[in-house]
Amino acid sequence: MAPNGDAAVVKTRLPPSQWLMGAEAFERRMPHHEGIRALWETKWRFPCTKAVYPFHDGAFEDFEPIFLDLIARDINDGTSPEYTRAFMATAQSLESRGDEAAVGGDNGKASGLYLRAACVLRIARFPYITSFPRVTDPTKWEAWELQKKIYLKAGSLWSPSPLSEVAIPHTFAQGRDRASIPAYVRVPPSGKDKDQQKHPAVILLTGLDGYRPDNTARTDEFLARGWAAVVLEIPGTADCPADPADPTSPDRLLDSVFGWMLSDGRFDMAHITLWGLSSGGYYAVRAAHTHRHALKGVVAHGAGTHHFFDKEWLARADGHEYPFQLTPALAAKYGYEDDVQAYLEGSQKKFSLLETGIVQMPSTRLLLVNGTLDGLMPIEDSMLLFEYGSPKEARFFTGALHMGYPMANSSVYPWMEQVMGSAK
């Protein structure tokens, strides 16, 4: 369902003379970039105490000793094997304790311990991994494989809607696309009546560093509303089989996913929404246009669409709120491998949803959510969408950083409820 070329393509749009986040915030290099001590003490320790992103499902008692050890050994490079290995023993211990609880029949305790282990491994594999075209970091990939294994142990205990891993055939694959789409699926229990056998569903597209095992609370929220969850990684991250260097590969990915959902029989295909998180927001905006007839609504949460690819923006984004250096991860994610300069020079023309004409196509209902001080995906990238194509909806959070946390979800779920209940 890629665009057919009928939409006029905007040749260029220059960056604003001043970003809405303000010149001071744009130019500033945040203190957490000064090393592992600064990262822990100025950015990560507080959310860890609250078990919120990126420490959701986790426990402070697991992390504090790890970071104190990293600080003591002066390990400041988050991409180093030494950083990743510092987490492994804790994760393995938590897994063993979870196994003991499961053998003893305490599924709730076992699940909690498995989730804590999976969270430890999430931080171990930060800031970014992919296997396309090859595994970027063998040590982090080991942590990723272990995270998936342990998370599936937890998910198997979630009655009456356990987690299942599905290998969706990539029937629309072309070029370098791979043959299978790994997905996590959770489905509400079916009623006895035929009209209760098929469920509305949310396709959740993950981000640059958050992947399938990192969305427990969201899938719980979906199930509580009677919605199924299909969780996928985006091109250029983790296990996604779509060619990250091909701007049209996500269209084929979704074609294959929709085909599988239709044949599977558990999903109400007239009530499908899609939610893209952070880097997944880019693909959510694209899907709202390319797959508008298949989706009742789309949430693009923290989306970059055009200015996000601008050299001027990217020159300062490395110093903003991302925990580690951003541009090397983005270069690999968009198929430039380790050639950051090629990414800076060529990604906007190739991937911008404005310059490629996507945003001038009609769209399904599209909700744009972000913080006005987002230093990763500029708020301007959400605002410019109001100038093109179909009317849009939005909720922006004044003074908030990337994604508009912690307030954002309180706006997303009511909107999704309304969309799921409205007539097509």
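Summary of computed values
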| quantity | calculated |
| --- | --- |
| Built amide H within the under 5 Å cut-off of HIS199, gap 5+ | PHE267, ASP268 |
| GNM top mover of VAL166, VAL120, VAL185 - the chain, alpha-carbon springs below 10 Å | VAL166 |
| Residue-count net charge about ARG122 - beta-carbon cut-off 10 Å; Lys, Arg +1, Asp, Glu -1 | -2 |
| Relative pair counts by distance (%), Cα atoms of the stretch 183-254, 5 Å bins | 3, 17, 23, 19, 15, 12, 7, 4, 1, 0 |
| Binned Cα-Cα distance frequencies in the stretch 85-124 - 5 Å width, integer % | 6, 33, 30, 17, 10, 4, 0 |
| Residue exposure sequence - TYR388, TYR334, TYR282, TYR413 - by fewest surrounding Cβ within 10 Å | TYR413, TYR388, TYR334, TYR282 |
| Rg and Dmax of the chain, Cα atoms only, in Å | 20.7, 64 |
| Cα-based equivalent ellipsoid, the stretch 251-301: semi-axes from gyration tensor eigenvalues, Å | 19, 11, 9 |
| Neighbourhood charge, 14 Å Cβ-Cβ cut-off, centred on THR248 and excluding it, Lys, Arg +1 and Asp, Glu -1 | -1 |
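None of the figures in this text is laboratory data; all of them are computed from the coordinates on show. Here the structure is a predicted model, which means the values were calculated and not measured. Cβ atoms come from the backbone with ideal geometry, glycine included; neighbour counts cover every protein chain shown.
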